[in-house]
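**Q** So that we are looking at the same thing, I have put the structure below in structure tokens.
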Amino acid sequence: MTDHPPLPAALLTGLLGAGKTTPLNHLLKRRELADTAVLINEFGEVGLDHLLVERLDEDAVLLNAGCLCCTVRGDLLRALAGPAVRMEAGQRVRRVVIETTGLADPAPILHTLMSDPQLLRDFALDEVVTLVDAVNGAATLDAQPEAVKQAAVADRLVLTKSDIAVPGVTASLEERLGRLNPSAPLRRSMQVMCHRGAVLGVGPYSPAAKAEEVLIWLGEEARAAVLTQHDGHEHSHRHHHDPNRHDPRISSFCLLFEKPLPLAGLALWLDMMIATRGADLLRVKGLLNIEGEHRPVVLHAVGHVLHPTVRLSAWPDADQRSCLVFIVRDMAREGVESSLRAFLTAASTPLPAQ
């Protein structure tokens, strides 16, 4: 048995493309959030978010075996074992932040954190912070049931990208979120969110304060867990699907490029894809080696929105290949890759002499 109080664990979740890595970077720069262990869950075969967290050290762990809600108990036990062991050894760990993929169903994660005896010994669920993209949030809530759950279970709701969203759309989305979760304060500003005392350390988490649907979802998880234990399987009956997919129409894949990419070809291809298939580009995230650039370039696109690129101060590791991670609907990897390589080749081919 441990003789220390349970470590507070916060869940940072949000709709695809809501920008969870940005506030995580802001939070980890605060002095009072030193000694924070970070668990980053990614959807798909290759993870990038852990490379974009600026304060990445031995306390940051990437969970890229698929969506956390599909492999929840085993992954959480293994990932949280690190901070628990360090606490046992007397090392300083003050809290844990778990960042989930945008497709994660929060119900099985919350149920596991609040009911598993092994986790309850060392951790206490502190609060749930959910980020919502003001530009694409309404469409995502319409299309993804997981997004509705993420909003409904939150203690704090943060609306991102409100500066580039249509004011009327933003107001309508705020009203919808208010109906989904009337007990959660809704903030627009990232700076307000990251202000001292705005998030973290306000627990313990209480599902009783949420809408009735939250209690129903957690009850369903409890019943599924009983059935799972009876059958001797680790995973919930409702999560037997491929942990890399939430329905047959959604998939994730990664494209790697050995040589630096021509910016003109990449930009033209992205413009074409956003114009013709934007609704099916659930998320595109890239860490890129661009011709003529000495620093890595970070690319983000969600739906019909391509965000301004960001340059990191240095490459996060020795691998300087360009990596583009896609989460898409009804799009085959082969078609995406062949069209992109055609644009890149055209951009790199010298024009014939006049």
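Read-outs: derived from the displayed coordinates by stated rules, not from any lab. Quick caveat, the model's predicted, so the values are computed rather than measured. Here the Cβ is made from the backbone with ideal geometry for all residues, glycine too, and neighbour counts use every protein chain on show.
**Q** Take peptides 319-328, 267-276 and line them up by average Cβ neighbours within 10 Å, highest first, as a rough protection proxy.
**A** 319-328, 267-276
**Q** Related question: Counting residues in segment 250-348 as N, plug N into 2.2 N^0.38 Å and put the Cα Rg over that result.
**A** Here the Cα radius of gyration is 1.02 times the empirical estimate.
**Q** Give the peptides 250-263, 206-219 in descending order of average Cβ contacts within 10 Å, highest first.
**A** Final packing ranking: 250-263, 206-219.
**Q** For residue 290, which sequence-distant residues (separation of 5 or more, or a different chain) have an amide H within less than 5 Å of its own amide H, given hydrogens modelled in the peptide plane?
**A** Result for residue 290 returns 261, 297.
**Q** What distance in nm lies between label points placed 7 Å from Cα along the C-beta direction at residue 115 and residue 222?
**A** Placing both labels 7 Å beyond Cα along the Cβ direction yields 0.7 nm.
**Q** May I pose another question? Taking 0.36 nm per intervening residue step and subtracting the Cα-Cα distance, what contour gain separates residue 256 from residue 213 on full extension?
**A** Values: separation 43, 0.36 × 43 = 15.48 nm, distance 4.18 nm.
Value of the extension gain: 11.3 nm.
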